[in-house]
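Reading through the structure tokens given below for one structure.
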Amino acid sequence: MREASLDRLKAFLTLLPSIVLVGVFVYGFIGNTVWISLTDWGGSGSLAVDPQKNYVGLANYAELFTGFLAGGFRQDLVNAVFYSVMLLAGAIGLGMFIAILLDRKPKGEDVLRTIFLYPMSLSFIVSGTIWRWLLAPQGGVNILPTYVGLDPLTFEWTSSTKAVLEFNWQNLFQIMLYVAAFILILVGLWAFRNDPRKALKRWLGPGIVIGAFAWLGGSILPQALFMEETHGFNLATLGIIMATVWQYAGYTMALYLAGFNGISQDLRDAAMLDGASEVAYYRHVAIPMLKPITISAVIILSHISLKMFDIIFAMTGPDNAQTGHPALNMYLTTFRANDFARGAAIAIVLFLVAAMFIVPYLVSQYRQRKRG
Amino acid sequence: MANVDLKGVVKRYGNVEVIHGIDLSVRENEFIVLVGPSGCGKSTVLRMVAGLEAISGGEISIGDRVVNQVSPKDRNVAMVFQNYALYPHMTVRENMGFSLKMRRKSREEMDSRVQEAARVLELEPYLERKPSELSGGQRQRVAMGRAMVRKPDVFLFDEPLSNLDAQLRTQMRMELRKMHMRLKTTTIYVTHDQIEAMTLADRIVILKDGHIQQVGSPIEVFEKPNNVFVARFIGNPPMNILEGVFGVEDGKRFVTVGPSRFPVPDGKGDSLVDGAPMLVGLRPDAIKMGENIERLPKDWWCKGEVVVSEILGGHSLLEIVVDGQNELIAEVEGRVVAHPGEIVPIGFEFDRMVLFDPETTNALS
Ligand SMILES: Nc1ncnc2c1ncn2[C@@H]1O[C@H](COP(=O)(O)OP(=O)(O)O)[C@@H](O)[C@H]1O
Ligand SMILES: [Mg+2]
């Protein structure tokens with residue numbers, strides 16, 4: 001008994017320095033940022049030795065989401081959403097695809113694996129610079145067709161001002177409901193073949209109800225903004241998305257390849273004898289078995305995409321409104337405009353969005369460990 | 001259901017030949033057991049039949065169709081693996097139904113076939129569980145169920161019971177036998193365990209280093225082994241092999257083992273000439289002790305010194321040294337309590353002896 005408590009004391013003492021450091025420099029500073037975001041620290045005099053900080057409640061947040069001048073931030077948020085979705089789809093899709101090709105053990109598999117993983121070792125500034133050059137309006141990718149005698153492309157990869165999928169920010173709530181309904185119905189249709197009743201009850205039913213509500217009752221939903229404001233998917237972010245996918249596909253490939261290699265040959269043989277084609281093997285056996293890897297990849301990539309800063313900085317600079325990102329906006333607001341409180345509010349918004357992805361993951365991990 | 005024919009089947013991995021031209025005909029409805037020590041190529045043969053391993057030479061046909069170029073999924077064979085190879089993310093129901101799903105069978109057919117297999121294998125309560133929530137024996141049943149629902153032409157088993165404990169293994173062995181009696185599906189069963197081979201097989205195929213040593217019914221390979229390898233591999237404890245010299249005196253045929261001389265019954269070693277060296281094989285249960293030796297002719301008796309005795313319940317195992325040099329294992333009825341060092345009379349059933357050529361180790365007719 002005494003020995004046990006001595007052990008505990010030793011363990012505690014060993015952990016104490018890191019507990020203190022993490023407590024101060026992570027949680028303490030998060031708390032401090034939350035506090036600052038609730039003040040009016042900013043503007044002239046904000047760099048004084050003892051600047052004025054008055055508590056203003058959620059005014060900074062209200063301004064960000066409903067303020068007349070914060071349309072740029074809202075576009076940055078929209079950018080971040082598209083950016084995350086496309087990075088996830090691109091990096092996971094491409095990484096998985098390459099992993100499947102390599103899993104079939106082509107000649108030179110190990111060399112190829114290194115080549116595909118290599119972009120990971122570059123810093124974002126380096127790959128951003130490379131891609132800025134590759135995507136220059138009159139160079140790189142755009143002049144590729146001229147090598148086979150075609151006209152050069154004219155697409156402005158990082159400087160286009162066109163946007164697609166435009167919507168009015170006022171209808172934000174309705175659109176979010178539509179998206180939720182769409183996802184539910186999609187999942188429901190996918191699950192329908194396996195278990196129609198469960199699919200109907202869990203996914204399709206709620207999806208249809210939410211969709212119908214958004215369609216019929218859209219007018220009774222509150223408007224998210226007092227004025228019309230269009231946002232959409234800025235085509236200029238395509239170049240940045242491509243560069244990030246290029247950098248991270250190798251990483252997801254490595255994750256999946258390790259997972260595929262861990263599946264026993266017997267299981268593959270069993271699937272073959274059961275009549276599964278190569279495609280069916282990956283679709284029904286290998287990829288579902290690697291669900292934990294997919295979840296990890298989604299978590300890692302989504303929080304990376306939310307913190308994205310340097311590659312955008314390197315490719316288009318911080319001031320390009322078309323390719324803005326909340327993280328860049330935070331930097332500009334805080335350190336260029338010296339609006340520390342607003343910057344802190346942006347930081348906290350990003351923090352909460354990231355937590356939305358990570359907390360459920362951590363909870364499920366914790367539960368699994370408790371069960372296992 | 002179909003017969004399976006292997007003609008001169010060869011398997012090479014790179015330059016290394018591991019299967020050296022095997023000929024084997026498995027009849028329709030037959031239960032064939034491929035047995036041999038680890039690494040002799042049993043799995044390789046099975047995997048070639050399944051189509052999981054390319055054939056380097058020769059021809060395999062299932063039914064009347066040469067399948068050398070047919071992909072595994074089109075051979076209509078089902079395989080049960082040693083480690084079960086169940087899909088860990090699927091429930092028992094999904095595991096068993098997977099092959100039907102891949103073959104685009106209707107939902108109703110899938111449900112009824114899975115249900116039927118689950119009923120037979122007593123898996124109904126576990127249909128919605130994942131493999132990780134089952135015991136070893138239950139997983140084994142799921143693996144069998146997965147093979148059964150397909151109604152394949154041929155069942156292939158690769159050491160399906162090796163991961164089970166001894167008791168469960170005996171039980172599953174019985175059930176396998178029953179399953180075969182009911183379904184009558186042609187079966188090729190691989191094991192390194194000669195007891196499994198003896199109890200399950202219609203015919204046993206003994207494999208060593210990629211060569212077939214013998215094909216025959218369990219009794220045939222037990223009583224009439226083709227060579228010393230088969231003699232020692234089949235049967236536990238293994239057959240006793242003694243070195244001897246054949247002799248003829250006054251028209252009587254005998255064998256000299258050490259200082260002792262025993263008669264050779266007619267019909268054994270007819271081709272032998274006086275002075276020929278030979279190996280004498282005697283099953284442990286062909287050695288008698290106590291009152292059981294009374295039934296044997298007197299000149300089949302001798303004396304031996306007990307070294308170790310083990311009582312195994314209904315019968316006992318004794319290690320006996322004859323003439324101070326030849327060690328024998330005897331399996332005798334009853335609980336024979338013999339003390340080490342004791343000299344006891346023993347009798348040999350020489351009509352059951354098997355003679356081998358010491359050069360080739362092949363059996364002498
Ligand atoms: N993929 C392979 N590459 C090279 N040699 C192999 C391979 N698979 C099996 N072998 C060799 O073939 C022989 C037979 O193997 P196997 O059929 O697995 O034996 P068993 O099932 O009888 O234990 C062994 O000597 C093994 O080393
Ligand atoms: Mg094997």
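See the values below:
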| quantity | calculated |
| --- | --- |
| Rounded to the nearest 10 Å², the accessible area of residue A:20 at probe 1.4 Å | 80 |
| Whichever aspartates and glutamates have a C-alpha closer than 15 Å to that of residue B:298, once near sequence neighbours (fewer than 8 apart) are set aside | B:349, B:351 |
| Rounded if a/c under 1.5, otherwise prolate or oblate - chain A, Cα gyration tensor axes | rounded |
| Chains A and B together, accessible area buried on both sides, 1.4 angstrom probe, square angstrom | 1800 |
| Sequence of B:18, A:26, B:332 from largest to smallest accessible area, 1.4 Å probe | A:26, B:18, B:332 |
| Cβ-placed point charges (K, R +1; D, E -1), dipole of the protein assembly as shown about Cα centre in debye, nearest 20 | 2520 |
| DSSP-assigned coil residues among trypsin sites (Lys or Arg not before Pro) in the range A:77-147, each with at most 12 further Cβ atoms within 10 Å | A:104, A:107 |
| C-alpha center-to-center spacing [the range A:303-348, the range B:315-365] in angstrom | 90 |
| Cβ-defined net charge surrounding residue B:219, 13 Å radius [Lys, Arg +1; Asp, Glu -1] | +1 |
| Built amide H within the under 5 Å cut-off of residue B:304, gap 5+ | B:344, B:346 |
| Loop-located GluC sites (Glu not before Pro) in the range B:126-222 whose Cβ has at most 14 other Cβ within 10 Å (DSSP) | B:128 |
| ³J(HN,Hα), Karplus 6.51/-1.76/1.60, whole Hz, each residue of the range B:47-64, x for Gly, Pro | 5, 5, 5, 6, x, 7, 10, 5, 8, 7, x, x, 8, 10, 10, 10, x, 10 |
| Between helix B:107-120 and chain B: long-axis angle, C-alpha atoms, 0 to 90°, nearest 10 | 30 |
| Size of charge dipole - chain B - debye, nearest 20, with Cβ of Lys, Arg +1 and Asp, Glu -1, no other charges | 2060 |
| Exposure rank, largest accessible area first [B:301, A:215; 1.4 Å] | A:215, B:301 |
| Exposure rank, largest accessible area first [B:288, B:178; 1.4 Å] | B:178, B:288 |
| Solvent-accessible area per residue for the range B:4-233 (1.4 angstrom probe, square angstrom) | 42 |
| Prolate/oblate/rounded label for the range A:163-296 (Cα gyration tensor, a/c 1.5) | oblate |
| Cα centroid of the range B:135-167 to Cα centroid of the range A:1-22, whole Å | 51 |
| Lys, Arg +1 and Asp, Glu -1 on Cβ, resulting dipole of chain A about Cα centre, debye, nearest 20 | 1300 |
| For chain B, calculated [θ]222 nm from helices alone, where every DSSP H run of n ≥ 4 adds -39500 (n - 2.57) | -7000 deg cm²/dmol |
| Lys/Arg +1, Asp/Glu -1 at C-beta; chain A dipole; positive extreme among A:243, A:214, A:70 | A:214 |
| Residue B:303 accessible area, assembled protein chains, probe 1.4 Å, Å² | 130 |
| Loop-located trypsin sites (Lys or Arg not before Pro) in the range A:157-228 whose Cβ has at most 15 other Cβ within 10 Å (DSSP) | A:162, A:193 |
| Cα long-axis angle, helix B:92-102 against chain B (0 to 90 degrees, to the nearest 10) | 70 |
| Relative contact order for the range B:4-233, counting Cα pairs under 8 Å that sit 6 or more residues apart, in percent | 28 |
| Environment charge at residue B:13 (Cβ cut-off 13 Å; Lys +1, Arg +1, Asp -1, Glu -1) | +1 |
| Accessible-area value, residue A:134, 1.4 Å probe, nucleic acids and ligands omitted, Å² | 50 |
| Prolate/oblate/rounded label for the protein assembly as shown (Cα gyration tensor, a/c 1.5) | prolate |
| Carbon and sulfur %, accessible surface of the range A:173-224 computed with the full protein complex present, 1.4 Å | 75 |
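The values are calculated or read from the model by the stated rules, or taken from the named source; none is laboratory data. In this text the structure is predicted, and so the values were computed from the model without any measurement. Note: ideal-geometry Cβ built from the backbone for every residue, glycine included; neighbour counts use all protein chains shown. Side chains are part of the model used for accessible areas, which takes the heavy atoms of the whole protein and leaves out ligands, DNA and RNA. Shrake-Rupley method; radii C 1.70, N 1.55, O 1.52, S 1.80 Å.
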